[in-house]
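The structure under discussion appears below in the form of structure tokens.
Derivation of every value follows stated rules applied to the coordinates shown; laboratory data play no part. Values in this document were obtained by computation on a predicted structure and should not be read as measured data. Neighbour counts are summed over all protein chains in view; Cβ atoms, including those assigned to glycine, are modelled from backbone coordinates with ideal geometry.
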Amino acid sequence: MGTSAAEVHRGDCWATGRTLRPVSAERARAELAGGMRACAVCRPDTVLGRL
């Protein structure tokens with residue numbers, strides 16, 4: 001998936017940008033584990049168990 005996102009959001013987040021791309025929960029966990037920021041508004045890290 002070549003392009004990197006600025007931060008991970010939940011699908012229902014109102015603070016997303018125009019370039020939102022859906023990814024699997026597994027990919028989101030991997031991105032968070034790799035250092036990508038979680039959105040401070042929707043906190044996907046809490047839903048995915050990556051506090």
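Odds and ends about this structure:
- Per-residue ³J(HN,Hα) for segment 25-37, Karplus 6.51 cos²θ - 1.76 cosθ + 1.60, θ = phi - 60°, Hz, x for Gly and Pro: 4, 4, 5, 4, 4, 4, 5, 5, 5, x, x, 5, 6
- Estimated inter-spin distance, Asp12 and Arg43, nm [label 7 Å along Cα→Cβ]: 1.5 nm
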